[in-house]
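S.K.: Following this message is one structure expressed as structure tokens.
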Amino acid sequence: MLNLHLVAIGGRMPNWVTEGCDEYRRRIRGRMTLNLVEVPAVKRGKNVNPARIAMVEERRLTAAVPGGCRLIALDRQGRQMSTMDIVRRLEDWLDNGEQAALVVGGPEGLSGDFLAKADECWSLSALTLAHPVVRVVLAEQVYRCWSILEGLPYHR
């Protein structure tokens, strides 16, 4: 059984984000689950210190990652992953009984220190994506990969 945890800085998300993520999460069943773990965002104001905000949010993200999980950081500078690259990772994790946490930082991104301690750093696109969009894209890709592993016709 593979438990994937999508650990993301939260906040009030538009309904389409929540509904989209929930739809893909519900479709995944059997030998894999996708859990959403929302971490409270630091309140942003006029005289904010982005480095301090990132540090506080990273502590919260780290605390929210279940013990024993592979730490996968999502960052635009990370390794570009194709669907089949992710399928191979999921298959390896299933075969080895590993668990993984896919971590999405806040608007300031993740620090170099956080990225350095991650087991892997992935990029979903060379484009800069809004955080709500990242959640839906990531949930859809996990579902697509699961459907490939299960031999379902979703991915053609």
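S.K.: In degrees between 0 and 90, to the nearest 10, how far off the longest principal axis of the chain does helix 15-27 point, with axes built from Cα atoms?
M.R.: The two axes meet at around 30 degrees.
S.K.: Quote the relative contact order of the chain in percent (integer), defining contacts as alpha-carbon pairs under 8 Å separated by 6+ residues.
M.R.: Relative contact order of the chain: 33 percent.
S.K.: Quote the charge dipole size of the chain about the Cα centre in Debye, to the nearest 20; the model charges only the Cβ of Lys and Arg (+1) and of Asp and Glu (-1).
M.R.: 440 debye
S.K.: Based on DSSP, what percent of beta bridges with both residues in the chain are antiparallel, to the nearest 5?
M.R.: The antiparallel proportion sits near 5 percent.
S.K.: Let me ask something else about it. Using only Cα atoms and rounding to the nearest 10 degrees, what angle (0 to 90) does helix 50-64 make with the longest principal axis of the chain?
M.R.: On a 0 to 90 degree scale, this one is about 40.
S.K.: In a Gaussian network model over the chain where Cα atoms closer than 10 Å are linked, find which of 80, 141, 99 has the largest mean-square fluctuation.
M.R.: In the Gaussian network model the winner is 80.
S.K.: Compute the FRET efficiency between residue 84 and residue 1 as 1/(1 + (r/R0)^6), taking r as their Cβ-Cβ distance and R0 = 22 Å, and round to the nearest 0.05.
M.R.: So the FRET efficiency works out to roughly 0.50.
S.K.: Carbon and sulfur: what percent of the chain's accessible surface (1.4 Å probe)? Kindly include the intermediate steps, with their values, before the conclusion.
M.R.: On the way: 4200 of 8350 Å².
With neighbouring chains kept in place, the figure for the chain is 50 percent.
S.K.: In square angstrom, what is the accessible area per residue of the chain with a 1.4 angstrom probe?
M.R.: Roughly 54 Å² per residue, with all protein chains present.
The values are calculated or read from the model by the stated rules, or taken from the named source; none is laboratory data. These figures come from a predicted structure and were not determined experimentally. Neighbour counts run over all protein chains shown; Cβ positions are idealised from the backbone, glycine included. For the accessible areas, the whole protein counts, side chains as well, though only heavy atoms, and no ligand, DNA or RNA atoms are used. Shrake-Rupley method; radii C 1.70, N 1.55, O 1.52, S 1.80 Å.
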